[in-house]
Amino acid sequence: MWAILSILVENKPGILFKVTHLFRSRNFNIDSISVGVTDDENYSRMTITTYGDDKQIIQIVKQLDKMIDTVEVKQLDEHKTLFRELCIFNIKLSSASDSMEVNKLVNAYGGKVHDVKKDSLMVELTATPAQIKAFEELVKPFGIIDVARTGVAALQRSGA
Amino acid sequence: MTGAKALMTAMEKEGVKEVFGLPGGANLPMYDEFARCDIRHILVRHEQSAAHMADGFGRVSRKPGVCFATSGPGATNILTGLATAQADSAPMVAVTGQVPVAMIGKDAFQESDIIGMANPVVKYSFQPRLPGEVPESVRKGFYIAETGRPGPVLLDIPKDVQQNEAPMDFPDEFTIQGYHPWNDPDVASVQKAVDMLVNSERPIILAGGGTIISSAFAELQSVAETLMIPVVTTFKGKGAFPENHPLSLGPIGMHGHAEANKMMAEADCVLAIGTRFSDRSVGTFEAFEKRLKIIHMDVDPAEIGKNQTTNISVVGDVRASLRIMVKLLLQKSLKKSEDSVWIKHVRETKEYWKENLKIHPGEMGAAKILRKLRELLPKESVVTTEVGQHQMWASLFYDVIQPGTFFSSTGLGTMGWGFPASIGAKVARPDVPVVDIAGDGSFSMTENSLATAVLEDIPVIVFVLNNSTLGMVAQWQRTFYDRRMVGVDQGGCPDYVKLAESYGAQGIRAQSMDELDKAIKSALSSDVATVIDIPIDPEEDVLPFVAPGTSLSDMILPS
């Protein structure tokens, strides 16, 4: 099971280390992690995506909750949550038709094209991890030179 | 006021009277304050022992024990002590010196990132960067160490923070937003637990270390006696329930009592109190958990379902949870008969093993030695143990009569813990005899604490079952490795009587029951620490034995 965890922590040095160390020492894996300060600069929000069975996810939520530096730990329900990841691709172009093909895909996925060169272009895509994965599969035949991803940011929808 | 002075003032406000430690360059400003305050500093010969002393003090007094170490190697030397306290949920505050703030990260002399290193083995840590942050760090540190599920807290104080002056405020009130140590037990869940226990045919209580930490002795006894439920314990819970009580079956586990393991395996419902269902306690539960209903009470919500899926869980201080249970039983006047089929069976099983468990035939077999110790020690005496065969023999043959008087490194299994812990225990309870039941292997690890015991006038008794072998390893090599004995022979070195005498302690060798009787009596009346060296058969195994990864019902028994 894929899970999105939203963790509100005190904005103090060393807390990211403690959270990631907890995953290591309890034998869990981090799939992606993103951290940023909230509107109140005393707090940061970490969004961690991870894999595990129900029992494992419940346990990691409890262990995170037990940490003194965490103020609130929630497992977000995918269906009631807005979650997105920013991904930047550098894609190889072998011909003029490649450029057109890639542009079509980028439009279909709501991405943006940057830095167009004769033999490469860059794509900025903000989407769910599943959409990013699908896009990646589609552009793979052209040749992916490099990829950088931010990890998921997520918030529960109001009223959900 | 300087940070160092503020530290002492804040600790005095916490009621600290004694600390255990060793000075060095980075904690000298703090040490200078010991010359000017009423806190007694007890000097150790190795920082690991200071941490174990603080741990022993904390477990006995249920208030954080305090240890001091300098930066760098001083700090890394306490890591084993922190890990031991964390594994056994013991309240402790460790204060380390650190290089000045401006030097941190520069690989300075005697610099270690102790906050980073200690992270997984402490409940929390503080590194005040300004002198004015010291009082609140101390207040919060002590609060965190002793509340909820207790544990060790590290205070790492840079040298300039100790030296520099700042206006100080000593707050009584404070908030820690992300810390919720106590939950109110859910009454409805306790009610369900009562119904489940009452409706089961073969209920059993499994009391863990949490029962001792929260002093839930009277409540436990009341539930057991009202519902006529036999009580087994984990090893850490040993002595949560008087072991001379008719309903007591003793510890379960790898070296549990035969009757305890048998009855645990036959039960249909268990009330597990303050335990994490560790592998050493439960072996593999799968073998019988299908028909075993499990009720789990624990203060730590993360323990519910961690190692064991449960039918009913009650989160909260186990004493508070048991009190609710006692009240519900009283309200409904629930009382069970003393002559149920189950209780008769339990009694018969207990009786059978009392008569039929084979013990070492020699005069100086472990069972006879420990029963002799029990016979001569007043019931309020505090006992600590080291780790190994002697520890498991103590579990099998030393009955704890007064609850909460037996302590051991059960989680981390730290050899060398028992002796310094006994010193800490004696500082907390100078009015009762304190005995470290030891083996020669473990005692070797921290024997230099004899200097502390003698010079600081802390007359503990070290009871060394000396087989001149790392006995438990030897037993595994005999059992699982075809008697290929590697790295276990201690070669009769040192001579523990001479060793004790060289420190100015009393050393007595006991080679017969008669000598042992005299030695124990002499130690009990001695005003210096005493080491009793008891040579035993190096071939004696600890039995019964549940091999790792097997079920409690598959015990290896003495042949």
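The values are calculated or read from the model by the stated rules, or taken from the named source; none is laboratory data. Note that the structure is predicted; figures quoted are calculated from it, not measured. Ideal geometry is used to build each Cβ from the backbone, glycine not excepted, and the neighbour counts take in all protein chains shown.
For A:Phe83, only one of the following conditions fails: (1) closer than 21 Å to A:Ser158 by Cα; (2) among the aromatic types (Phe, Trp, Tyr); (3) within 14 Å of chain B (Cβ to nearest Cβ). What is its number?
It fails just one condition, (3).
Among (1) more than 14 Å from chain B (Cβ to nearest Cβ); (2) farther than 30 Å from B:Arg149 by Cα, there is one condition A:Asp40 misses while meeting the rest; what is its number?
With (1) more than 14 Å from chain B (Cβ to nearest Cβ); (2) farther than 30 Å from B:Arg149 by Cα applied to A:Asp40, the lone miss is (1).
If only one of B:Pro152, B:Pro135, B:Pro120 is modelled with pLDDT of 95 or more, touching a strand residue (DSSP E or B) at 6+ places or on another chain (Cβ under 7 Å) and either assigned by TED's automatic domain parsing to the domain that holds B:Thr96 or under 25 Å from B:Ala267 (Cα atoms) (or both), which one is it?
Among B:Pro152, B:Pro135, B:Pro120, only B:Pro152 is modelled with pLDDT of 95 or more, touching a strand residue (DSSP E or B) at 6+ places or on another chain (Cβ under 7 Å) and either assigned by TED's automatic domain parsing to the domain that holds B:Thr96 or under 25 Å from B:Ala267 (Cα atoms) (or both).
Which residues, counting only those in the stretch B:354-377, are at pLDDT 95 or above, out of contact with any His (no Cβ under 7 Å at 6 or more places or on another chain) and assigned to a helix (DSSP H, G or I)?
Residues satisfying the conditions are B:Lys368, B:Ile369, B:Leu370, B:Arg371, B:Lys372, B:Leu373, B:Arg374, B:Glu375, B:Leu376.
Can you go through B:Gly21, B:Gly74, B:Gly58, B:Gly25 and tell me which one is touching a residue at least 40 places away in the same chain (Cβ under 8 Å) and in contact with an Asp or Glu (Cβ under 7 Å, 6 or more places away or on another chain)?
None of the other options fit; the residue is B:Gly74.
Of (1) within 14 Å of chain A (Cβ to nearest Cβ); (2) of a type in the set (Gly, Ala, Ser); (3) touching a helix residue (DSSP H, G or I) at 6+ places or on another chain (Cβ under 6 Å), B:Gly178 satisfies all except one. Which?
Of the numbered conditions (1) within 14 Å of chain A (Cβ to nearest Cβ); (2) of a type in the set (Gly, Ala, Ser); (3) touching a helix residue (DSSP H, G or I) at 6+ places or on another chain (Cβ under 6 Å), the odd one out for B:Gly178 is (3).
Looking at (1) in a loop (DSSP other than H, G, I, E, B); (2) more than 14 Å from chain A (Cβ to nearest Cβ); (3) touching a Gly at 6+ places or on another chain (Cβ under 7 Å), which one does B:Ser200 not meet, given that it meets all the others?
(3)
For the stretch B:255-275, enumerate the residues that are surrounded by 24 or more Cβ atoms within 10 Å (Cβ to Cβ) and under 25 Å from B:Ala302 (Cα atoms).
B:Met264, B:Val270, B:Leu271, B:Ala272, B:Ile273, B:Gly274, B:Thr275
For the stretch B:229-264, which residues satisfy the criterion of being modelled with pLDDT under 95 and of a type in the set (Ser, Thr, Tyr)?
If the condition is that a residue be modelled with pLDDT under 95 and of a type in the set (Ser, Thr, Tyr), then no residue fits.
Would you check if there is a residue in the stretch B:223-231 being under 28 Å from A:Val71 (Cα atoms) and either among the β-branched types (Val, Ile, Thr) or within 14 Å of chain A (Cβ to nearest Cβ) (or both)?
no
For the stretch B:221-242, enumerate the residues that are under 22 Å from B:Val341 (Cα atoms) and not β-branched (Val, Ile, Thr).
B:Gln221, B:Ser222, B:Ala224, B:Glu225, B:Leu227, B:Met228, B:Pro230
With respect to B:Leu206, determine if the residue is away from chain A (no Cβ under 14 Å), touching a residue at least 24 places away in the same chain (Cβ under 8 Å) and under 26 Å from B:Pro120 (Cα atoms).
Considered against the rule, which asks whether it is away from chain A (no Cβ under 14 Å), touching a residue at least 24 places away in the same chain (Cβ under 8 Å) and under 26 Å from B:Pro120 (Cα atoms), B:Leu206 comes out as no.
Tell me which helices (runs of 4 or more DSSP H) are completely within the stretch B:255-341 and hold 1 or more residues being more than 14 Å from chain A (Cβ to nearest Cβ) and under 14 Å from B:Asp186 (Cα atoms), or say none if there are none.
Hits in the stretch B:255-341: B:318-331.
Give me the pairs, please: first residue somewhere in the stretch B:480-500 and under 24 Å from B:Pro548 (Cβ atoms), second residue anywhere and part of a helix (DSSP H, G or I) and polar (S, T, N, Q), beta-carbon distance under 8 Å, and either six or more positions apart or on two chains.
Qualifying pairs under 8 Å: B:Arg483/B:Gln477; B:Arg484/B:Gln477; B:Met485/B:Gln477; B:Val486/B:Gln477; B:Val488/B:Gln477.
Step by step: first the residues of the stretch A:1-30, then only those that are among the charged types (D, E, K, R) and surrounded by 15 or more Cβ atoms within 10 Å (Cβ to Cβ), then the one that is farthest from the other protein chains (Cβ to nearest Cβ). Which residue is that?
Applying the filter and picking the extreme gives A:Arg26.
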